[in-house]
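The structure under discussion appears below in the form of structure tokens.
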Amino acid sequence: MLVARAAVLSSQSPQISQAQPSQAPALTLLARDGRRTLPLTVTGDQEFVALDDLATAFQLAVREESLGAITVSSKGKTIVVQPAQALASVSGRLIALPAPLTRSGRRWLVPVEFISRALATIYDVKLDLRKPSRLLIVGDLRVPRIQLRYDAVGTSGRLTIDATPRATSTITQENDRLSVKFDADALDVPSPVLPGLGAQGLVLAVHLIDPSVLAFDVGPRFAGFKASTQTLESTLRVVIDLAALAETAPAPAPPAGRAAPDLPALGQATPPFRTLVIDPGHGGGDDTGAAGASGAKEKDLALAIARRAKAAIEGRLGIRVLLTRDDDRHVGIDERTAMANNNKADLFISLHASASPRPAAAGATIFYAAFDTGSVPASSADRVPAFNGVMREIELVPWELAQSRHLDQSTSFAELLETQLRDRIPLAGEAVASAPLRVLESANMPAVLIELGYLTNGDQETLLTGDAFANTFVQALADAVVRYRDAQAAGGAR
Ligand SMILES: [Zn+2]
């Protein structure tokens, strides 16, 4: 794409008789081959553009004729303007201009309306001057006008984006940014100011990051979004409902010197909790996991509970919940954590059920990862002993040890969950334990694995596969996630 620099203004200091002209925000000229800026000057209320800048931008021939007339020609068609006259003449037809042709130093200035009223009548390509948005569209480009609105809806928020004429769009979220990409060559966004934005901490700012992409910076309370479209005559409306994190802990006092609270903070001390990944263990083909005497399979139990947990937690907390599988599919151990890592999950929960040769074995256990202490680097670039006892420099935390940095929080969550589960479902004697579990080791976020109980115990099998157990467990899990998230927001779990 060609991005031309603004034409250089005359180096001559302007000599004007009347009011002193000043620089006005430039026009952006959008064309098929790119965009460039067209400088404007303003005198009083009137904006002017220099004829030589227009000549460069549109390959016009500008000549001073005898008797003081100026001609502006394009491909054999000519406009005639006279100094001090607020008129232009095209093939003998007079066109009114809001201000006369003016001289500034060596340059001739015409009112910016000259473009739409005179130049557009002789130019062989369509010219669409959109003064309020300072756009000049050259040719048949799709440049919908965009109207933005933000409304608070209780604790949630709603963004309304109208595109006229209709332009479809796709919405994607990447980290702290929600991008709306329009099927258009460029966007006409008259005002970048969106009243009310930022007040709820859901969306902090909006930018045009690309000619056809609007990006919304999401704030610390943003939990997720849902978009829908409506057609209103020539307008296509996109409504983006923004979910807010449910209960919030009291905000920590802003450190001295920080910007006013209603301004977007540049960095959050604690990243907000947005994404939970639930991993239903096993799945696909022969990987049934543990099996009960009455035929219950671990893989089915894990999936059923995971689905309920997703619905309950998304509905109640507005947190995005992703499942590593949502059907009876084979998913490799590493794929499971990779999904959580790639989605920057804030918490990873793997669901399983146990089998034991001891028929009476019963109760749930929450595991966090265990590491061979010698192999856990305290931080990158620490010197740690390798297994062979030789000191070596570790520059990066090995992938399979990603979990080592999150062990404290994994343990905190395991304990919070145990508190919520106690007295609600049967727990094993040692309800919180550590184990070297591969599915946890490469999780680059706090992570636990829950063994819901023992399918090999007939009573447990009946209990675990019943509705009451699923409801109670999911309720307790949601409670634990709320408490964990709030503790984290308050800095307690960091
Ligand atoms: Zn299992």
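The values are calculated or read from the model by the stated rules, or taken from the named source; none is laboratory data. Computed from a predicted structure; not experimentally measured. Ideal geometry is used to build each Cβ from the backbone, glycine not excepted, and the neighbour counts take in all protein chains shown. Just so you know, the surface numbers come from the protein's heavy atoms only, side chains and all, with ligands and any DNA or RNA stripped out. Shrake-Rupley method; radii C 1.70, N 1.55, O 1.52, S 1.80 Å.
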Fill in: Inter-residue pairs, beta-carbon under 9 Å, first on the phi > 0 side of the Ramachandran plot and in the range 288-302, second in a loop (DSSP other than H, G, I, E, B) and more than 7 Å from the ligand (Cβ to nearest atom), 6+ apart
289/283; 289/355; 289/455
Worksheet item: Could you list, in sequence order, the residues of the range 156-194 that are assigned to a loop (DSSP other than H, G, I, E, B) and among the polar types (S, T, N, Q)?
Response: 168, 175, 191
Response to the item:
How many residues of the range 32-56 are free of Cβ contacts under 8 Å to residues at least 60 places away in the same chain and within 36 Å of the chain's Cα centre (by Cα)? The answer is 5
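Per-residue answers, yes or no, for (1) buried (at least 17 other Cβ atoms within 10 Å of the Cβ); (2) among the acidic types (Asp, Glu); (3) touching a residue at least 40 places away in the same chain (Cβ under 8 Å):
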site	(1), (2), (3)
122	yes, no, yes
130	yes, no, yes
145	yes, no, yes
160	no, no, yes
183	no, yes, yes
186	yes, no, yes
Worksheet item: Hey, any hits in the range 426-435 for a residue that's within 16 Å of the ligand (Cβ to nearest atom), of a type outside the set (S, T, N, Q), assigned to a strand (DSSP E or B) and crowded, with 18+ Cβ neighbours inside 10 Å?
Response: no
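Table: residues versus (1) out of contact with any strand residue (DSSP E or B) (no Cβ under 7 Å at 6 or more places or on another chain); (2) assigned to a helix (DSSP H, G or I).
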| site | (1), (2) |
| --- | --- |
| 57 | no, yes |
| 63 | no, no |
| 67 | yes, yes |
| 73 | no, no |
| 88 | no, no |
Practice prompt. Please find, within the range 446-466, the residue that is most open to solvent (accessible area, probe 1.4 Å) out of those that are within 22 Å of residue 282 (Cβ to Cβ) and part of a helix (DSSP H, G or I).
Written response: 462
Fill in: The one condition in (1) closer than 25 Å to residue 132 by Cβ; (2) open to solvent by less than 40 Å² (accessible area, probe 1.4 Å) that residue 68 fails to fulfil
(1)
Fill in: Matching residues in the range 90-100 - criterion: being of a type in the set (A, V, I, L, M) and assigned to a loop (DSSP other than H, G, I, E, B)
97, 99
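Conditions tested, residue by residue: (1) modelled with pLDDT under 90; (2) acidic (Asp, Glu); (3) more than 19 Å from residue 335 (Cα to Cα); (4) away from the ligand (no atom under 16 Å from the Cβ).
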residue: 270; (1), (2), (3), (4): yes, no, yes, yes
residue: 277; (1), (2), (3), (4): no, no, no, yes
residue: 282; (1), (2), (3), (4): no, no, no, no
residue: 287; (1), (2), (3), (4): yes, yes, no, no
residue: 295; (1), (2), (3), (4): no, no, yes, yes
residue: 312; (1), (2), (3), (4): no, no, yes, yes
Discussion item. Any residue that is touching a helix residue (DSSP H, G or I) at 6+ places or on another chain (Cβ under 9 Å), modelled with pLDDT under 80 and under 29 Å from residue 134 (Cβ atoms) - is there at least one of those in the range 182-196?
Written reply: yes
Discussion item. With modelled with pLDDT of 95 or more and in contact with a helix residue (DSSP H, G or I) (Cβ under 8 Å, 6 or more places away or on another chain) as the only criterion, which of 386, 447 stands out?
Written reply: 447
Worksheet item: Going by the conditions given, is residue 92 touching a residue at least 40 places away in the same chain (Cβ under 8 Å), surrounded by fewer than 17 Cβ atoms within 10 Å (Cβ to Cβ) and not hydroxyl-bearing (Ser, Thr, Tyr)?
Response: no
Practice prompt. May I ask you to say which residue of 197, 204 is over 27 Å from residue 137 (Cα atoms) and in a loop (DSSP other than H, G, I, E, B)?
Written response: 197
Response to the item:
Checking 402, 443 in turn, the sole residue that is part of a helix (DSSP H, G or I) and crowded, with 19+ Cβ neighbours inside 10 Å turns out to be 402
